[in-house]
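Participant: Below you will find the structure I want to go over with you.
Every read-out reported here was derived from the displayed coordinates using simple, explicitly stated rules and does not represent laboratory data. As the structure is a prediction and not an experimental result, all values here were calculated from the model. Neighbour counts are summed over all protein chains in view; Cβ atoms, including those assigned to glycine, are modelled from backbone coordinates with ideal geometry.
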Amino acid sequence: MRTRKTWREKMHNPDLPKVVDIPAKMEKRFGAGTLLLPAPIDVEDEIRGIRKGTVRTVGQIRRDLAARYGTTTACPLVTGIFVRISAEAAEEDAQAGKKRIAPYWRVVKDDGALYPKFPGGVERQAERLREEGVAIVKGKARLPLTTVR
């Protein structure tokens with residue numbers, strides 16, 4: 001019987017990153033060009049670069065990844081999934097006693113909204129952000145957001 005992969009094991013996908021042409025059904029939104037399917041570890045690396053007391057949107061992370069790989073854009077679905085996997089892997093690391101984990105709680109949705117699927121939900125994310133001095137208003141991190149790593 002096969003055991004389930006840990007979140008940390010899910011961070012290592014040998015088939016990614018991958019650059020593909022933007023599918024026809026996505027061209028209306030992104031235009032013609034190339035689409036990055038990032039590796040989970042690349043997403044985690046972007047999260048690790050977010051400074052204490054600041055937040056970044058998934059859109060900003062996608063733009064930075066696209067720039068790093070020279071693509072038109074990064075896939076919003078894949079990037080979002082890997083933000084979640086990074087959060088869960090960070091919590092596994094913390095439970096294993098690691099002190100330096102990816103600060104996933106500093107990632108917010110493009111409108112500043114917090115993530116209900118993060119470990120501990122929006123309540124825990126808001127608590128951690130407030131501890132770092134980030135204002136939370138009506139379930140959203142107060143903008144402006146950081147643009148520089």
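Participant: Given contacts defined as C-alpha pairs under 8 Å and at least six residues apart, what's the relative contact order of the chain, whole-number percent?
Facilitator: Rounded, it is 24 percent for the chain.
Participant: What nm distance separates the two modelled labels at R8 and I81, each placed 7 Å from Cα along Cα→Cβ?
Facilitator: 2.3 nm
Participant: Can you tell me the equivalent ellipsoid semi-axes for the chain? Use √(5λ) from the Cα gyration tensor, largest first, whole Å.
Facilitator: 25, 21, 13
Participant: Turning to a different aspect of this structure: What is the gain in length, in nm to one decimal, between M26 and Q95 on full extension, counting 0.36 nm per residue of separation less the C-alpha to C-alpha distance?
Facilitator: Contour length minus the Cα-Cα distance gives 20.9 nm.
Participant: Now, a different point. What is the sum of charges, Lys and Arg at +1 and Asp and Glu at -1, for the other residues whose Cβ falls under 13 Å from the Cβ of A32?
Facilitator: +1
Participant: Could you work out how far apart the two model spin labels at E132 and T34 are, taking each label as a point 7 Å from the Cα in the direction of the beta carbon, and quote it in nm?
Facilitator: 3.1 nm
Participant: Check every DSSP H run in the chain and write down those whose alpha carbon atoms cover 24 angstrom or more along the long axis and whose mean Kyte-Doolittle hydropathy is 0.0 or greater.
Facilitator: Passing helices, by number: 76-95.
Participant: Another question about this same structure. Under a Cβ-Cβ cut-off of 10 Å, what is the net charge of the residues other than G53 that fall near it, where Lys and Arg count +1 and Asp and Glu count -1?
Facilitator: +1
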